[in-house]
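Shown next, in structure tokens, is the structure this report addresses.
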Amino acid sequence: MRKYIKPLKPVFAIRLLSGLTILFLGILPVQATEQLQESSIIIGMDMAIKAAKLKDPWLVGNKHSQDSIESLSIAAGSLPDPNMSLGMTNLAADSFNFGQEAMTNAKVGISQMFPAGDSLAIRQRQLELKGSQFPFQREDRRAKVTVTVGQLWLNAYNAQESIKIIDKNIPLFEQLVDIAEASYSTALGKTRQQDIIRAQLELTRLDDRLTILRQRQEMFQEQLSEWLNGYFLDKYLENQKSENREHTSGFLLARKLPDIKLLNPELYASPNPTSQAVLFEKISGHPALRVIEQKIRTSKAGIDLAKQQYKPKWGINAGYGFRSRDRQGIDRPDLFSVGVTFSVPLFTANRQDKQVLSAMSKTSAVKTEKWQILRKFMAAFETTKAQLLRLNERQKIFQSRLLPQMSEQAEASLTAYTNDDGDFAEVMRARIAQMNAEVDALNIEVGRQKAILQLNYLFMTNSDQIIE
């Protein structure tokens, strides 16, 4: 129990409360914030997203995969290497004398195989189509990184700003406790012991709430750090080298919440479900769907490739045989041979037919992937659209009515208590309700931005469009 030199009248206590509140809220937080900002890196959402996309190792690995496929496509269009052969034929087994028999010769041969039909060109085109998927995969990855990092930033921002709202109100609640103790100790007003206990309990609950929020803030910032990969720390250190200032590896989030613009805002004019034809037109350029379209083209090339197996494979060979002179010393003419080989695809039922059927089934399976993604996107749009529209309604209610009414209620309850015509518990309830309303308003605005991120992802063709 705090001791006072002389009793404080409620009016004087309220004036003291106002003065100290201004002192606490106007001077100390500003100084603390300035000190933190001097030693920490300030990161906005757009900067965090830029760093995450710049440092994403998945994008590097995907580019290497594309290079691999492109190299394979060049190799696939080349004929197989010719085969060379060296040998001796018709050598006499009794003497191994090269000149004994007329048919004995040292033979050099070469052969070249040609795949069936247009297999080489089709295989090369198939790999080129497969390689063309990778740029769309990377663009989709950048878009997903934008949404993921953006939501992490917003979650961390929400926790950070909620902490600031509570920190802003704690001095007020502490002064209310002092006033209640002073009023109770001097037997002035209607303050009861349970009011003091209630006020102290609310302060304890605020401390616990702050602990939970700091835990959430630290968790989201650590998750955000996974994506930053030291980018901003490096930039920060570069800027500080010339100034010889001490630094810290920590970072703060920018205090300003970004205002993300909706892509295709006309789709949100009505709460009614949007035409699927309109949605399909808007979504059709999405990189994830472009990837599937390239997969379908690749699979169709696989069908053409399988059909080439009905055609024969061809090969040519040529040989030159060197013969020695006969026993009388007369030169023997050398021998030259040439030939053609080819396959005869007679038994196609269990080989070529099944290969074509397999390629066609694979193409049908890839087509179903496209429709699955379309259904997923359309369902996600309607769900998130409904969520956004409700959040917009709540935002209007909070800004136009709820927050002003909460403020009026808090002031009225405090005025009534000052005039010895109100209950201290009601003052506490009103102030807590006002603080909670501010936190709820923050949650609504953050929720809106997260919903807009998700919706913009569905309609973007370039990842930079999401947060424009």
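State whether the residues of the range 137-150 include one that is out of contact with any strand residue (DSSP E or B) (no Cβ under 9 Å at 6 or more places or on another chain), surrounded by fewer than 18 Cβ atoms within 10 Å (Cβ to Cβ), assigned to a helix (DSSP H, G or I) and at pLDDT below 95.
The answer is no; no qualifying residue exists.
For residues that are crowded, with 17+ Cβ neighbours inside 10 Å and closer than 17 Å to residue 467 by Cα, tally how many sit in the range 263-286.
2
With the structure loaded, tell me whether residue 311 is in contact (Cβ under 8 Å) with a residue 60 or more places away in the chain, surrounded by fewer than 18 Cβ atoms within 10 Å (Cβ to Cβ) and closer than 29 Å to residue 82 by Cα or whether it fails that test.
Considered against the rule, which asks whether it is in contact (Cβ under 8 Å) with a residue 60 or more places away in the chain, surrounded by fewer than 18 Cβ atoms within 10 Å (Cβ to Cβ) and closer than 29 Å to residue 82 by Cα, residue 311 comes out as yes.
Only one of 315, 321 is in contact with a Leu (Cβ under 8 Å, 6 or more places away or on another chain) and within 30 Å of residue 103 (Cα to Cα); which?
The match here is 321.
Condition first: hydrophobic (A, V, I, L, M, F, W, C), without any contact (Cβ under 8 Å) to a residue 24 or more places away in the chain and within 26 Å of residue 313 (Cβ to Cβ). Now tell me which residues in the range 79-93 satisfy that.
Listed by number, the list holds a single entry, 86.
What about residue 364, is it in a helix (DSSP H, G or I) and under 30 Å from residue 302 (Cβ atoms)?
In short, yes.
Quick check on the range 75-93. Is at least one of its residues out of contact with any Cys (no Cβ under 6 Å at 6 or more places or on another chain), of a type in the set (S, T, N, Q) and either crowded, with 19+ Cβ neighbours inside 10 Å or within 20 Å of residue 457 (Cβ to Cβ) (or both)?
No.
What about residue 131, is it closer than 30 Å to residue 290 by Cβ and either at pLDDT 95 or above or touching an Asp or Glu at 6+ places or on another chain (Cβ under 6 Å) (or both)?
In short, yes.
Yes/no per residue for (1) aliphatic (A, V, I, L, M); (2) farther than 30 Å from residue 290 by Cα:
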site: 112; (1), (2): no, yes
site: 144; (1), (2): no, no
site: 153; (1), (2): no, no
site: 184; (1), (2): no, yes
site: 196; (1), (2): yes, yes
site: 200; (1), (2): no, yes
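Counting only residues that are surrounded by 15 or more Cβ atoms within 10 Å (Cβ to Cβ), out of contact with any Ser or Thr (no Cβ under 7 Å at 6 or more places or on another chain) and more than 14 Å from residue 432 (Cα to Cα), which one in the range 191-209 is modelled with the highest pLDDT?
Filtering first and then ranking leaves 196.
Any residue in the range 418-433 that is in contact (Cβ under 8 Å) with a residue 40 or more places away in the chain and more than 18 Å from residue 184 (Cβ to Cβ) sitting within a Cβ distance under 9 Å of a residue that is surrounded by 17 or more Cβ atoms within 10 Å (Cβ to Cβ) and aliphatic (A, V, I, L, M)? List the pairs, counting only those 6 or more apart or interchain.
So the pair list comes out as 431/172; 431/176; 431/410; 431/414; 432/206.
Looking at the range 96-128 only, could you name the residues that are in contact with an Asp or Glu (Cβ under 9 Å, 6 or more places away or on another chain), under 26 Å from residue 70 (Cβ atoms) and among the hydrophobic types (A, V, I, L, M, F, W, C)?
Within the range 96-128, 122, 127 qualify.
The values are calculated or read from the model by the stated rules, or taken from the named source; none is laboratory data. Please read all numbers here as calculations on a predicted model, not as lab measurements. Please note: Cβ atoms are built from the backbone with ideal geometry, for glycine as well, and neighbour counts cover all protein chains shown.
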